[in-house]
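The values are calculated or read from the model by the stated rules, or taken from the named source; none is laboratory data. Please read these numbers as outputs of a predicted model, since none were measured by experiment. Backbone-built Cβ (ideal geometry, glycine too); neighbour counts: all protein chains shown. Areas reflect the complete protein model, heavy atoms only, side chains present, ligands, DNA and RNA absent. Shrake-Rupley method; radii C 1.70, N 1.55, O 1.52, S 1.80 Å.
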Amino acid sequence: MNCSRTSGASTILTKQSAASVLKAINGNVAATSASRPAFILLQRQCVEPRRQFSTTRKTQFSRSNNLLWKEVFPAKEESEHIHKTPAAWPHPMYTDEQMHAVVVAHREAKTFSDKVAMTMVRILRWGLDLATGYKHSHAVKLNEKDPQAAMNKYGMTERKYMIRNIFLESVAGVPGMVGGMLRHLHSMRRMKRDNGWIETLLEESYNERMHLLTFLKMAEPGWFMRVMVLGAQGVFFNAMFVSYLISPKTCHRFVGYLEEEAVLTYTREIEDIDAGKLPKWEKMQAPDIAVQYWNMPEGHRTMRDLLLYIRADESKHREVNHTLGNLDQHNDPNPYVSSYKEPGKPHPTKGIEYPRPSGWEREEII
């Protein structure tokens with residue numbers, strides 16, 4: 001459906017802003033003469049309504065999948081008196097071998113609490129898959145009969161993956177913040193020490209937010225995505241708040257299962273890049289915010305490298321939450337901020353040198 005519509009009233013703008021508006025709407029530069037009055041008559045093109053991921057013409061994910069960089073948070077010059085400071089939680093160093101050793105894994109649901117957490121994750125996964133058009137199982141079945149039809153119907157593009165990643169990371173930082181906040185208030189209210197749990201939970205939330213900020217360097221969400229995120233975060237935050245008050249152990253198990261799904265998603269993205277299904281991501285470079293946060297070395301700053309770092313982070317969150325879910329929530333110390341008498345022996349650390357996908361059992365560390 002294509003139609004032209006002229007607004008009934010004139011809009012008063014400056015000459016410079018008028019040219020900018022005409023450029024954004026019509027796609028060409030409008031030059032205005034100095035002798036002409038600063039009035040323009042806006043003319044808009046009505047197109048078939050669809051859900052736009054970006055409201056910025058230059059950087060939107062169009063149906064042609066033109067994926068470009070977008071400086072949503074442009075760098076600002078340092079002032080004379082204030083200079084850039086290091087991150088509150090510096091990221092641990094990952095080696096290339098450690099990141100490639102990350103595997104998709106699943107912890108078996110043993111207790112009733114585990115089964116409740118697993119069920120909730122499956123419901124959330126179904127909803128997210130439906131919202132983002134991610135139907136991997138359907139694609140696999142159809143691919144056995146007709147690979148081309150499977151690609152056309154269910155194939156994931158750079159645009160679809162980016163929508164999914166931004167939506168996922170916009171809510172992934174909620175559990176750590178909720179858990180850290182409640183434990184912080186509990187510590188003050190009960191006048192007891194927290195045994196180091198608060199720091200790790202807040203650091204996890206901070207790390208997830210850095211994932212989101214990194215993806216926002218690549219694309220700017222439109223109004224529809226912002227509304228979806230607003231609603232999802234509001235529901236998820238309050239649900240986590242109430243759930244953590246009732247059963248912190250179940251919440252940590254829930255996050256552990258949720259991070260298993262995140263590792264699976266990023267693994268498939270990396271595999272699709274290697275298979276040539278995401279050509280626009282093959283040579284794309286990671287933004288500066290990612291290079292600085294992860295200390296990405298020269299020659300290892302592509303989109304694929306970035307996904308390796310993010311997947312490694314998610315695998316660490318998977319391990320941490322499964323481990324915390326195995327502990328006594330009120331008395332056991334946090335093993336990720338503890339010192340060990342035998343540091344050479346495998347034990348929980350902030351890095352991924354001793355990976356444990358299903359978490360450390362309580363008898364192994366306490």
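Numbers below:
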{"read-out": "Rg(Cα)/(2.2 N^0.38 Å) for segment 115-268, N = residue count", "value": "1.19"}
{"read-out": "Separation of alpha-carbon centers, segment 153-213 and segment 291-329, rounded to whole Å", "value": "13"}
{"read-out": "Protection-proxy order for peptides 315-322, 280-287, each taking the mean of Cβ atoms within 10 Å per residue, highest first", "value": "315-322, 280-287"}
{"read-out": "Debye-sum result for segment 213-272 in log10 I(q)/I(0), which assumes one identical scatterer on each alpha carbon, at q = 0.27, 0.29 Å⁻¹", "value": "-1.05, -1.05"}
{"read-out": "Residues of segment 274-307 with amide N under 18 Å of the 7 Å Cα→Cβ point at GLN148", "value": "277"}
{"read-out": "Packing-based order for 248-257, 114-123, 82-91, using average beta carbon neighbours within 10 Å, highest first", "value": "248-257, 114-123, 82-91"}
{"read-out": "GLU298 - accessible surface, heavy atoms, 1.4 Å probe, Å² rounded to 10", "value": "140"}
{"read-out": "Equivalent ellipsoid semi-axes, segment 243-310, via Cα gyration tensor eigenvalues times 5, rooted, Å", "value": "31, 16, 7"}
{"read-out": "Set LYS153/LYS280; LYS217/LYS277; LYS192/LYS249; LYS84/LYS350; LYS84/LYS280 screened for pairs whose C-alpha atoms are more than 27 Å apart", "value": "LYS84/LYS280"}
{"read-out": "Theoretical FRET efficiency, 1/(1+(r/R0)^6), r = Cβ-Cβ of ARG125 and HIS81, R0 45 Å, to 0.05", "value": "0.40"}
{"read-out": "Peptide ranges 267-273, 327-333 listed from the most packed, as the mean C-beta count within 10 angstrom indicates", "value": "267-273, 327-333"}
{"read-out": "Cα shape, segment 198-302, gyration tensor, a/c 1.5 rule", "value": "prolate"}
{"read-out": "For segment 213-366, alpha-carbon Rg relative to the globular expectation (2.2 N^0.38 Å, N residues)", "value": "1.23"}
